[in-house]
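The values are calculated or read from the model by the stated rules, or taken from the named source; none is laboratory data. Just so it is clear, the structure is predicted and the values come from calculations on it, not from any experiment. Ideal geometry is used to build each Cβ from the backbone, glycine not excepted, and the neighbour counts take in all protein chains shown. Accessible surface areas use protein heavy atoms only, side chains included; no ligands, DNA or RNA. Shrake-Rupley method; radii C 1.70, N 1.55, O 1.52, S 1.80 Å.
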Amino acid sequence: MTEEVNSVELKKTGVENNGFVADQGSDEHAISGSRKSSKTEDQIFAIKLDSPEDPFPLKPYAGMPKEVLLHFSNKTCYKVTREILFWLIIIATLAIIAATITIIALSPKCLDWWQRSPIYQVYPKSFRDSNNDGSGDLKGVQEKIDHFVYLDVSTVWVAPFYQSTLKDYRYAVDDFRSVDRSFGTMSDFENLLAALHDKGIKLIIDLIPNHTSNEHNWFKLSRNRTEKYIDYYIWRDCQLNGAEVIPPNNWVSVYGNSAWEYDGERKQCYLHQFRKEQPDLNFLNPDVEKEILDVIKFWLEKGVDGFTVDAAKFLLEAEHFRDEPQVDKLQAPGTVLSYGELYHDYTTTQIGMHDILRDFRQTMNTYSREPGRYRFMGTESNDEKTVAKTMLYYGNSFIQEADFPLNFYLFDLKKDLTGKSVFDSVDLWMKSMPKGKWPHWTVGSPSNSRVASRVGTEYVNVFNMLLMTLPGTPTTYYGEELGMIDNATLNGDENVSDKHNPTEYAEKTPMQWDTSANAGFNDGNKTWLPVNKDYEEVNVEVQKAKSDSTLNLYRDMVRLRKEELPLHRGWLCYALNNDNVFAYVREIDGLNKVFMMVLNFGSTTTTNIRGQIEDLPARAKIRLSTNSANNGKSVELNSVNTEKGEGLILEYTTSKPLHSNAAFKNQCFISEKACYSSAFDLLYKNC
């Protein structure tokens, strides 16, 4: 039989009746006879599917056999549709891949956790006492985690809590892997860390690699010349002239007098660039560096999120041990007893020091591979006028070092404050910083007078506004969000051990939580330092209840910084500075919203900012002021009034950003450049 292409053979065995057959009387016998006489072999029916004469034309139906399905798949209408859908899927897939690659390639680097939030520095001995022994502890810090949440800060830096000989400063470490009993236990630390992480808060701690205490086991083994530990410290022969020790050279301690101390057991002198209880480690011995790297690993495995490396510039000394040059060459050598009387060419920033820090960095990087768990590293090194040395801690484009060195230059601002002096401090850092690096700002620390006492209480809010609106990461020392002051009466405390510097107690007074006895620092009968007398007005409880308080202004500024793109990753451009005012703008490419800060560090004045910048609009809105009564008002930019210590965050729109103005080319800086696309509401980097 001749078969046609568009025919389907339906092959059946026997005859089937899948329908209902009614009772047909006598016909039943006829049918039965017919069935009996029917052949049982296969019967084949050829049906022409496309024939108009088909009595029952075949259409697609559910459960059709493969042969029928294949017939329909070859029809033109189905074939074309299938081809179109196939290529549409291919094109869409390729478009998605291309768009993903483009977005990744054009997207700017995301800000990391240590860039997004201010850092809040806690001095644990003075923060909160949980067991009423008069001294703050780690459980006390944990009790006050909600304060960090209230401030909307997500990075906390806890000052040293290691087992230590020095009862106050903790910088003479007896054991790098233990918590001092006055602060609690290792379990207390682990609980604090877990509680912080549960709230989404990162924890930074101090690393003190330059020295240990003279009670550390390493030092005990070194002084008795135990193998391996013999040169863990810097030992040199020195002469005895009766009771007088003649040191090997003229090196002087940071705290004055010779940097050498005679040890009667070893019969040699050891180097201490700080106190005699803090002998310097010898980093020329590779075993010493390995010990410190193991300490870093120990705390990283505990889960800490980063370190600040203390006294970084002191890590290495010159191997030749020559006398350091005198500042006054005519001064009699025997009278050189003060640290400032020598140039420290052989005891700081030696060749190889940065290699050690890079090893620290590389060790931290091995723990930074997990997404979202980058380990931060900062360095502490106050190089004062030689700011170029400080900038070396950033590393370079090929070798990573610190995420940023700590910036102490705002500490130099005293009572002779002006807008120009603040500008000079900011500009010094911004113009010295390598291109594309991230700045750091702070006005308080455990070893510097509080800003309220250093420059005046009327400038507390404006300094907080400065920190929160400059590019980079601000650090707030505990209590600065309240405007706490020093307790100057502690400077002459005769009961302080000679191991401590009593002038550094003034800025360590207990945190002022409420109006209860001891300002809520504890519920006991004593505090390790007296509480400031102003605690009934200057405390967290009272200031929380006042909408225009220093605390709530600080909180508002943190939130504004976090919410507004130009404030946390935009350009910084100087607008003007004079004896009274320092003004600057923050702006970002593609966004016509601009913020201008007008900060008064002098006397009440009126400033014509529009006279300095031609393209400014006539008016701007006060987004935030240190005087809350001015919030939301509109000001003329050719006549901006500011009172002594007042700060304004102005908001305006413009299509002519200041950083594109040729006249301000050398007055603008950018760290993490990004451009905003209003059409897609996203950031990109090529603009």
Problem set entry | For region 168-241 and region 524-553, distance of Cα centres in Å | 33 Å
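What is the gain in length, in nm to one decimal, between Asp514 and Leu240 on full extension, counting 0.36 nm per residue of separation less the C-alpha to C-alpha distance?
92.9 nm is the gain from fully extending Asp514 to Leu240.
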Seminar exercise, completed: Ordering 63-76, 650-663 by per-residue average of other C-beta atoms within 10 angstrom, highest first, gives 650-663, 63-76
Problem set entry | Under 15 Å from Lys533, Cα to Cα: aspartates and glutamates that are on another chain or at least 8 residues apart | Asp486, Glu507, Asp514
For this session: Under 12 Å Cα to Cα from Lys593, which aspartates and glutamates show up? Leave out anything in the same chain fewer than 8 places away.
Result: Glu564, Glu651
Problem set entry | Relative packing of 178-190, 629-641, which averages over residues the other C-beta atoms within 10 Å, highest first | 178-190, 629-641
Exercise. By residue number, which cysteines of the chain lack any other Cys whose Cβ falls under 4.7 Å from their Cβ?
Worked result: Cys77, Cys110
For this session: Calculate, for Ser547 and Lys297, the FRET efficiency according to 1/(1 + (r/R0)^6) with r their C-beta to C-beta distance and R0 41 Å; round to the nearest 0.05.
Result: 0.30
Exercise. By how many degrees, 0 to 90 and rounded to 10, does the Cα axis of helix 353-365 deviate from the longest principal axis of the chain?
Worked result: 30 degrees
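When the helix-only estimate is applied to the chain (DSSP H runs of n ≥ 4, each -39,500 (n - 2.57), divided by the residue count), what is the mean residue ellipticity at 222 nm, nearest 500 deg cm²/dmol?
-7500 deg cm²/dmol
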Problem set entry | Cross-link pairs Lys389/Lys431; Lys435/Lys665; Lys220/Lys290; Lys139/Lys302; Lys202/Lys562; Lys414/Lys621 - those with Cα-Cα distance over 21 Å | Lys414/Lys621
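How large is the accessible surface per residue of region 335-470, computed with a 1.4 Å probe and reported in Å² as a whole number?
For region 335-470, the per-residue accessible area is 40 Å².
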Seminar exercise, completed: Counting only protein heavy atoms with a 1.4 Å probe and every protein chain in place, the carbon and sulfur fraction of the accessible surface of region 519-558 in whole percent equals 42 percent
Seminar exercise, completed: Calculating semi-axes √(5λ) of the Cα gyration tensor in Å from this structure picks out, from [x] 47, 30, 24; [y] 72, 36, 27; [z] 116, 43, 20, entry [y]
Problem set entry | Packing-based order for 226-234, 81-89, 409-417, using average beta carbon neighbours within 10 Å, highest first | 226-234, 409-417, 81-89
Seminar exercise, completed: Filtered hits (aspartates and glutamates, Cα-Cα < 13 Å from Lys385, offset >= 8 within chain) -> Asp412, Asp424
Exercise. Could you state the number of Å between the C-alpha centres of region 145-160 and region 336-383?
Worked result: 25 Å
For this session: Would you mind checking the tilt of helix 27-37 against the longest principal axis of the Cα atoms of the chain, expressed as 0 to 90 degrees and rounded to 10?
Result: 80 degrees
Exercise. Share of antiparallel DSSP beta bridges in the chain, in percent to the nearest 5?
Worked result: 70 percent
